[in-house]
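*Asks:* Pasting in a structure now, in structure tokens, and then I'll have a few things to ask.
The values are calculated or read from the model by the stated rules, or taken from the named source; none is laboratory data. This one's a predicted model, so the numbers in the text were calculated from it and none came from an experiment. Here the Cβ is made from the backbone with ideal geometry for all residues, glycine too, and neighbour counts use every protein chain on show.
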């Protein structure tokens, strides 16, 4: 009885501490806003995240879903390192490893959920800072595209519970900010890269490969350094090739092996009935899969309220992307912007192309597309808001050539 009371008091105290930290954090961010409009925007971001995080918590309470399993499995594991079933210990096993000591100390699920929700909110504020500082004039215009992206209900719904997505989201935006500040290989950023590797190794590969490609094609880089980069890409590929062969059982140098892997994803999707969201795109072209991965479900594929809500969001996301495609001078924009913007854009495209080829379930694709959607649309928003300056730069370049 006494132990239960102490456990209750411990968790109540922890909840109050997390709540105070949240209030102080949000207050500081709001107070730093440049004007009243931006203050209201940051408050709206906080309230949106709070509402949909709480909604997600209520929705999964007592159910056998991933977020609950991420807490219950390590809690019921006897030893800390007993959570590792493979030699690699990456992915969900590393998440078990992180949660294990808190679960064993008696931190209840709602407090672990609260912590992950706060971490994701911190990521959203970092993302807003990243957007603001990506403009030539240093200030974002709060038009409807900015409001839409940052107040997207499904974005807050899926990047808030206990899970890998929260850690990946926070680590990625931290990496991009450090890259912007020329601290890609700083000690602090190495830790972020480590977390990305331990949660999703392929995301780290996409990220580092994008960085090396942008550096390689930079006109400021000498030939000797470019040869070093090529060697770096080769060395980087070795552990990932081993990883794919061991974990996924696929030989990346064999087209037949890769084809069998995609067939495996398709068969797995046929067995799933998660919200009737299993889909079969096995025979479709890669760009059809890309469209499906980012912009389905649309209305004709929606089967419940949540899918209808997501379909509305997808229509607007598609509209913004089409507007980006149909607006000229994208190449001028990318060439004149800083290196980190190019890395973010290339990472987003690579992630989109490769992840979309594994599509078999709308629920999973809706969650996983947020590994690149926020970052891709940050670049798009910056481009759309600066396109007038881009047009002037383009005309100036043409006049010089003539």
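*Asks:* If a residue has to be surrounded by 15 or more Cβ atoms within 10 Å (Cβ to Cβ) and assigned to a helix (DSSP H, G or I) to count, how many in the range 16-42 make the cut? Steps first, answer last, please.
*Replies:* At the first step, the residues of the range 16-42 found to be surrounded by 15 or more Cβ atoms within 10 Å (Cβ to Cβ) are 18, 22, 25-26, 29-30, 33, 38-39, 41-42.
Right, trim to assigned to a helix (DSSP H, G or I) and you get 18, 22, 25-26, 29-30, 38-39, 41-42.
Total meeting the criteria: 10.
*Asks:* Checking the condition within 18 Å of the chain's Cα centre (by Cα), modelled with pLDDT of 90 or more, in a helix (DSSP H, G or I) and surrounded by fewer than 18 Cβ atoms within 10 Å (Cβ to Cβ), which residue from 129, 149, 121 passes? First the steps, then the outcome.
*Replies:* On the way: 149 fails: surrounded by fewer than 18 Cβ atoms within 10 Å (Cβ to Cβ); 121 fails: surrounded by fewer than 18 Cβ atoms within 10 Å (Cβ to Cβ).
Every option except 129 fails the conditions.
*Asks:* Just the residues that are buried (at least 23 other Cβ atoms within 10 Å of the Cβ) and more than 19 Å from residue 210 (Cβ to Cβ), please, taken from the range 367-380.
*Replies:* Within the range 367-380, none qualify.
*Asks:* Ok, one more. Let me confirm something: among 154, 160, which residue is in contact (Cβ under 8 Å) with a residue 12 or more places away in the chain, within 30 Å of residue 82 (Cβ to Cβ) and not assigned by TED's automatic domain parsing to the domain that holds residue 384?
*Replies:* Values: 154 fails: within 30 Å of residue 82 (Cβ to Cβ).
When all the criteria are applied, what remains is 160.
*Asks:* Given the conditions (1) crowded, with 19+ Cβ neighbours inside 10 Å; (2) farther than 30 Å from residue 59 by Cα, and given that residue 212 satisfies all but one, which numbered condition is not satisfied?
*Replies:* The failed condition is (1).
*Asks:* Can you tell which of 140, 107, 112 is at pLDDT below 90 and more than 15 Å from the chain's Cα centre (by Cα)?
*Replies:* After applying the criteria, what remains is 140.
*Asks:* Which condition breaks for residue 312 when tested against (1) within 30 Å of residue 204 (Cα to Cα); (2) without any contact (Cβ under 8 Å) to a residue 60 or more places away in the chain; (3) within 24 Å of the chain's Cα centre (by Cα)?
*Replies:* Result: residue 312 passes all but (1).
*Asks:* Now for a different question. From (1) surrounded by fewer than 16 Cβ atoms within 10 Å (Cβ to Cβ); (2) in a helix (DSSP H, G or I); (3) free of Cβ contacts under 8 Å to residues at least 60 places away in the same chain, pick out the condition that doesn't hold for residue 62.
*Replies:* If we test residue 62 against (1) surrounded by fewer than 16 Cβ atoms within 10 Å (Cβ to Cβ); (2) in a helix (DSSP H, G or I); (3) free of Cβ contacts under 8 Å to residues at least 60 places away in the same chain, just (2) comes out false.
*Asks:* Taking the stated definitions as given, is residue 166 in a loop (DSSP other than H, G, I, E, B), in the same structural domain as residue 42 (by TED's automatic domain parsing), modelled with pLDDT of 90 or more and at negative phi? Walk me through it before giving the result.
*Replies:* Details: in a loop (DSSP other than H, G, I, E, B): no; in the same structural domain as residue 42 (by TED's automatic domain parsing): yes; modelled with pLDDT of 90 or more: yes; at negative phi: yes.
No; evaluated as a whole, the condition is false for this residue.
A quick yes/no check of all residues on (1) within 30 Å of residue 143 (Cα to Cα); (2) assigned by TED's automatic domain parsing to the domain that holds residue 310; (3) in contact with a helix residue (DSSP H, G or I) (Cβ under 8 Å, 6 or more places away or on another chain):
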position	(1), (2), (3)
7	no, no, no
13	no, no, no
24	yes, no, no
32	yes, no, no
49	yes, no, yes
55	yes, no, yes
68	no, no, yes
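*Asks:* Let me ask something else. Of the residues that make up the range 73-85, is at least one in contact (Cβ under 8 Å) with a residue 12 or more places away in the chain, in contact with a helix residue (DSSP H, G or I) (Cβ under 9 Å, 6 or more places away or on another chain) and part of a loop (DSSP other than H, G, I, E, B)?
*Replies:* Checking the range 73-85: at least one residue is in contact (Cβ under 8 Å) with a residue 12 or more places away in the chain, in contact with a helix residue (DSSP H, G or I) (Cβ under 9 Å, 6 or more places away or on another chain) and part of a loop (DSSP other than H, G, I, E, B).
*Asks:* Here's another thing I want to ask about it. Give the residues of the range 88-101 that are in contact with a helix residue (DSSP H, G or I) (Cβ under 6 Å, 6 or more places away or on another chain) and in contact (Cβ under 8 Å) with a residue 12 or more places away in the chain, sorted by residue number. Break it down into steps so the answer makes sense when it comes.
*Replies:* First pass over the range 88-101, keeping only residues in contact with a helix residue (DSSP H, G or I) (Cβ under 6 Å, 6 or more places away or on another chain): 90, 93-97, 99-100.
90, 94, 95, 96, 97, 99, 100 - these are the residues of the range 88-101 that are in contact with a helix residue (DSSP H, G or I) (Cβ under 6 Å, 6 or more places away or on another chain) and in contact (Cβ under 8 Å) with a residue 12 or more places away in the chain.
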